[in-house]
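> One structure coming up, written as structure tokens, with questions to follow.
None of the figures in this text is laboratory data; all of them are computed from the coordinates on show. From a predicted model like this one, the values you see are computed outputs, not experimental measurements. Note that each Cβ is placed from the backbone with ideal geometry, even for glycine, and that neighbours are counted across all protein chains shown.
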Amino acid sequence: MGVQGILQRAVQVEPKYIFMDDWTVYNGKTVDLREKMTEIVQGMKDIKEFKGLVSISRFQQPADIIHIPLTQTLSTYLSKSTTQTLTFAKTAFHDPFFIAYSSGTTGTPKCIVHSIGGAVLNAFKDGTLHTETGPHCTVLQYTTTGWIMYFSSIASLLTGCRIVLYDGSPFQPDLTTFVKLLGDLEVTHFGTSPRWMGEIMKNGIVPREITNLEKLHTVASTGMVLSDQLFEWFYDVGFPRNVHLANISGGTDIAGCFGQGNPLTPVYVGGTQGPSLGTPIAVYDSLIESGQGVPIEDGTPGELVAPAAFPNIPAFLFKDPTGSLYHNSYFSKYDHVWTHGDFVSMHPLTHNLHFHGRADGVLNPSGVRFGSAEIYNIIEKDFGREVKDSLCVGQKREQDLDERVMLFLVMREGESVYRGLGTTNIPTTINLKKVELPVKRIISGFTIKPSDTLANPSSLNFYYQFAKVEELEMGTGSKKR
């Protein structure tokens with residue numbers, strides 16, 4: 001994350017200390033973070049509560065931080081402790097536990113305060129019942145520390161698991177190194193994303209053939225919609241057939257899931273196996289935006305809502321004394337009903353919960369509503385050999401009477417679309433999630449400020465030309481494209 005992204009979050013909560021690694025390893029490269037430390041300390045200078053930065057050694061030898069103001073090493077910080085005895089304070093169920101930040105891809109990140117009881121109870125329920133973890137298990141959840149899945153990883157300790165923390169790219173030094181760790185460490189529960197599985201599949205890597213996965217019990221996939229093709233590849237090619245593929249979906253806002261895996265029911269291609277225990281869900285007609293909302297029949301896509309309270313609903317938003325931001329974020333569309341912002345449907349026979357995309361990114365040409373995930377599924381299944389990556393968004397400018405759907409493709413080497421129209425980079429977050437909404441706004445005529453949560457913010461520049469798509473001449477001539 002960039003300096004501005006860190007400061008956007010830190011300035012809001014006014015911390016006494018910020019803890020930070022002195023070096024990091026990213027995509028196979030070692031990066032010195034001391035310049036970033038200096039900029040962060042400078043950016044916090046007006047925060048009265050801020051006492052300084054604590055530098056954590058990434059390698060055996062700590063970096064020299066003597067010239068960075070208000071900065072000390074972790075060992076120096078710990079040496080100031082006056083006692084070795086831990087003390088525990090009695091707390092209420094709903095007392096604040098931690099702050100999770102929203103992605104910030106479309107504005108200032110929200111500071112979501114989760115309660116002690118809600119987050120812990122839900123995490124223990126997930127581990128005990130949904131994933132069946134315990135002292136005999138080893139959990140490896142690939143995640144950055146800025147994603148809610150980092151909390152999920154640490155929360156595995158609640159059921160007595162051994163956890164593996166992995167720092168670095170899962171694609172370095174080659175695509176098989178990370179896969180082999182699953183066997184070497186006898187991982188029983190592995191958390192990953194469709195992006196990782198897609199890269200493994202496209203490069204012809206078969207995990208069950210290159211490492212011993214006999215201990216593997218469950219693979220959880222989250223972060224974006226898991227395509228039907230990846231479901232089929234997982235069991236037909238990639239992993240042992242006895243492994244439980246748990247496609248899950250939830251969010252930072254609830255520090256948990258709405259759709260979960262279930263060890264007691266069959267796994268069907270597509271969607272999550274069903275609702276998360278203790279989390280009431282319904283699908284409402286997304287075109288009706290007032291009153292109690294109108295539930296729609298199974299099989300019809302609509303707005304994912306929670307019509308009743310649940311334990312892990314966030315306690316409040318930080319620095320929102322009137323609760324207006326909290327209400328506008330989650331309860332403004334329907335009365336006393338939580339709106340999560342996902343476009344979903346419930347399968348009428350299997351009762352799988354299918355996620356079609358974000359509700360604000362739903363495609364709606366000529367009144368026909370569908371999710372971008374449906375397009376991605378077709379591309380991966382039928383054009384995976386030609387297309388490396390894709391992004392599907394809607395365009396509706398002020399002058400447009402109807403929405404136009406635009407599909408952007410990153411072609412594999414040796415493949416091409418019209419010269420000049422193939423993008424080379426799909427914008428993603430640092431957690432490798434495709435970023436649709438900023439592109440949708442750009443091609444609809446808006447100028448946006450890239451979020452520091454983007455892994456490749458400069459990739460957005462390519463899309464501005466499509467706000468005036470009429471000026472792009474399609475063809476094959478030397479001046480046409």
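> Using the Cα centre of the chain as the reference point, and only Cβ charges (+1 on K/R, -1 on D/E), how large is the resulting charge dipole? Debye, rounded to the nearest 20.
940 debye
> To two decimal places, what compactness ratio does region 3-79 give when its Cα radius of gyration is scaled by 2.2 N^0.38 Å?
It is 1.08.
> Follow-up. For region 2-32 and region 140-216, write down the distance between their C-alpha centroids in whole Å.
After rounding, the separation between the Cα centres reads 24 Å.
> Would you work out the charge dipole size for region 385-471 about its Cα centre, treating the Cβ of every Lys and Arg as +1 and the Cβ of every Asp and Glu as -1, and quote it to the nearest 20 debye?
Charge dipole, region 385-471, about its Cα centre: 200 debye, nearest 20.
> Further question on the same structure: Please list 260-272, 68-80 highest first by mean number of surrounding beta-carbon atoms within 10 Å per residue.
260-272, 68-80
> Shifting gears a bit: Taking only C-alpha pairs under 8 Å that are 6+ residues apart, what is the relative contact order of the chain in percent?
11 percent
> To check my understanding: the extent here is largest minus smallest coordinate of the Cα atoms along each principal axis. What are those three numbers for the chain, in Å, largest first?
Principal extents (largest minus smallest coordinate, Cα): 72, 55, 54 Å.
> Quote the relative contact order of region 3-79 in percent (integer), defining contacts as alpha-carbon pairs under 8 Å separated by 6+ residues.
The value is 32 percent.
> Between the alpha-carbon centers of region 83-132 and region 302-363, tell me the distance in whole angstrom.
Centre-to-centre (Cα) distance: 19 Å.
> Also, quick follow-up: Divide by every residue of the chain the summed helix terms, -39500 (n - 2.57) for each DSSP H run of at least 4, and state the resulting mean residue ellipticity at 222 nm, rounded to the nearest 500 deg cm²/dmol.
It comes out at -5500 deg cm²/dmol, rounded to the nearest 500.
> Considering only C-alpha atoms, what is the centroid distance from region 39-68 to region 235-287, in Å?
So the separation of the two Cα centres works out to 41 Å.
> Just going by the charge dipole of the chain, with Lys and Arg at +1 and Asp and Glu at -1 on Cβ, which of Ser458, Thr192, Met411 is farthest out on the positive end?
Farthest towards the positive end: Ser458.
> With a Förster radius of 30 Å, plug the Cβ-Cβ distance of Asp298 and Asp236 into 1/(1 + (r/R0)^6) and report the FRET value to the nearest 0.05.
The formula returns an efficiency of 0.60 here.
> Let me know the volume per residue of the alpha-carbon convex hull for region 106-361, in Å³.
131 Å³
> Moving on to the next point. For Lys16, list the lysines whose Cα falls under 25 Å from its own Cα; do not include residues on the same chain fewer than 8 positions away.
Straight-distance partners of Lys16: Lys36, Lys45, Lys48, Lys51, Lys80, Lys90, Lys110, Lys319.
> Additional query: May I ask for the percentage of alpha-carbon pairs in region 389-438 that lie more than 17 Å from each other?
46 percent
> Which lysines have a Cα less than 18 Å from the Cα of Lys440, not counting those fewer than 8 places away in the same chain?
Candidates past the 8-residue exclusion: Lys396, Lys449, Lys468.
> Pull up all non-local amide H partners of Asn247: gap of 5 or more, or a different chain, and H-to-H distance under 5 Å with H placed in the peptide plane.
Result for Asn247 returns Ser221, Gln273.
> Round to the nearest 0.05 the FRET efficiency obtained for Ile210 and Ser290 when R0 = 60 Å and r is the Cβ-Cβ distance. Numbers along the way, then the final one.
Values: r = 55 Å, r/R0 = 0.92.
Between Ile210 and Ser290 the formula returns 0.65.
> Okay, next question. Cross-link partners among lysines for Lys433, C-alpha distance below 17 Å, same-chain residues fewer than 8 apart left out?
Partners found: Lys388.
> In whole percent, what relative contact order does region 100-252 give with Cα contacts below 8 Å and a gap of six or more residues?
The value is 20 percent.
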